[in-house]
Protein chains: 2
Amino acid sequence: MVASEQFGDVFAQLPADSFDKNCPTRPVMAQVTGRWGALIIAALVPGPMRFSGLHRHIGGISQKMLSQYLKSVVRYGLVERLVEPTVPPQVTYSLTPLGRSLAQQLCALLSWFHANTPALEAAQQRYDAADSPAR
Amino acid sequence: MVASEQFGDVFAQLPADSFDKNCPTRPVMAQVTGRWGALIIAALVPGPMRFSGLHRHIGGISQKMLSQYLKSVVRYGLVERLVEPTVPPQVTYSLTPLGRSLAQQLCALLSWFHANTPALEAAQQRYDAADSPAR
DNA sequence: CTGTATCCTCGGCGATACTG
DNA sequence: CAGTATCGCCGAGGATACAG
C-alpha cells in the first residue's frame with residue numbers, strides 16, 4: 001500500500017462511507033464546514049460568550065448568519081444556550097462536551113491553515129506565474 | 001481560565017487572527033471547507049487517482065465541480081496533476097506532501113463526524129421534540 | 001440586548017452539450 | 001478519457017428594519 005505508513009491510525013479509520021452521497025454526516029458537515037460554523041465553535045473555546053460578544057469577535061458575520069448558525073449548533077448539541085431572565089435579556093452560549101471535542105479538531109484545522117499560509121501562498125504564486133504570465 | 005486544561009497545546013495555538021475578516025486563510029478555508037474540498041483531499045489519501053476514478057468515488061459530484069475543485073487544490077499546491085501523454089489522455093492526481101499533511105487534519109475531522117453521528121442525531125431529535133411537537 | 005422578518009444579490013452547484 | 005462552455009436554479013448570505 002502506498003502511504004498508510006505515514007498516517008498511523010488516522011488513515012485506518014478513514015470512513016469509507018463519507019463518500020456515499022447519502023452519508024448522514026453530510027448535513028452536519030455542511031453546517032460545520034459552512035462559512036461560519038468552524039469560526040463560531042472556535043470562538044467559544046476560550047469560554048462562554050454572549051451574542052454580541054460573538055458578533056464583535058467574529059469579523060464580518062451578520063446578525064442573521066450568527067443567529068442562524070447558532071441555532072444549528074445548538075440543535076446538534078454542540079453548543080448550549082443559557083438565558084438569564086434579566087431585564088435586558090442576557091443569553092450566554094457555551095460549548096457542550098460534544099462541542100468541545102469537535103472544537104479540538106477544528107482548532108487543529110485552523111492552526112494548520114495558520115501555520116501553512118506561507119506555503120499555500122507561495123504555491124499560488126508559482127501556479128499563477130507558470131500559467132498565464134501575460135494575462 | 002476555563003477550559004484550557006483539556007486542550008493542551010491545541011488551544012494554546014488557537015490563532016486569534018482567524019477571526020479577522022481579512023485573514024488570508026479565509027479563501028483557502030472556503031475552498032477546503034467547501035462542499036467538495038475535504039472529500040476530494042480525503043479521496044486521494046489511499047493513493048493517486050484518475051479523474052474518472054474520483055468522479056466515481058465521490059458520490060454526487062458533477063464533472064464541473066470536480067474539475068473546478070481540482071484546479072483549486074492544484075493551485076494551492078495540495079495536489080499534483082500528472083499528465084501521461086498517451087493517446088487517450090491519462091491524468092493522475094496525487095497528494096503533495098503539503099496536501100498529505102492537510103489530509104491528516106481532514107481525515108481526523110471526517111472520522112470525528114463518523115464516530116459522533118449517533119450523538120448528533122440524538123441531540124437533533126431531542127431538540128426537535130422539545131421545540132415544536134405539534135408542527 | 002437578542003434576536004426575527006423581509007428583500008435582494010450573488011455565486012455555488014447541477015445538467016447538459018460539446019471539444020481535443 | 002478528461003475536461004470546457006453555457007444555462008439556469010436555488011439557497012447562502014448581507015442590509016435593513018422591526019419586535020420582545
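Odds and ends about this structure:
- Look at (1) surrounded by 17 or more Cβ atoms within 10 Å (Cβ to Cβ); (2) closer than 24 Å to B:Lys21 by Cβ; (3) modelled with pLDDT under 95 and you find that A:Val79 fails only one, number (3).
- If you go through the range B:56-70 and keep only what is surrounded by 13 or more Cβ atoms within 10 Å (Cβ to Cβ) and away from DNA strand C (no atom under 11 Å from the Cβ), you end up with B:His57, B:Leu70.
- Any hit, the range B:40-59, residues being touching a residue at least 40 places away in the same chain (Cβ under 8 Å), at the interface with chain A (Cβ under 10 Å from one of its Cβ atoms) and assigned to a helix (DSSP H, G or I): yes
- Cβ pairs under 6 Å, 6+ apart, first in the range B:64-79 and away from chain A (no Cβ under 13 Å), second within 8 Å of DNA strand C (Cβ to nearest atom) and open to solvent by 50 Å² or more (accessible area, probe 1.4 Å): none
- Whichever residue in the range B:115-135 is of a type outside the set (Gly, Ala, Ser) and at pLDDT below 85 and, among such residues, is least open to solvent (accessible area, probe 1.4 Å): B:Asp131
The values are calculated or read from the model by the stated rules, or taken from the named source; none is laboratory data. Here the structure is a predicted model, which means the values were calculated and not measured. Note that each Cβ is placed from the backbone with ideal geometry, even for glycine, and that neighbours are counted across all protein chains shown. Remember, those area values only see protein heavy atoms, side chains included, never the ligands or the DNA or RNA. Shrake-Rupley method; radii C 1.70, N 1.55, O 1.52, S 1.80 Å.
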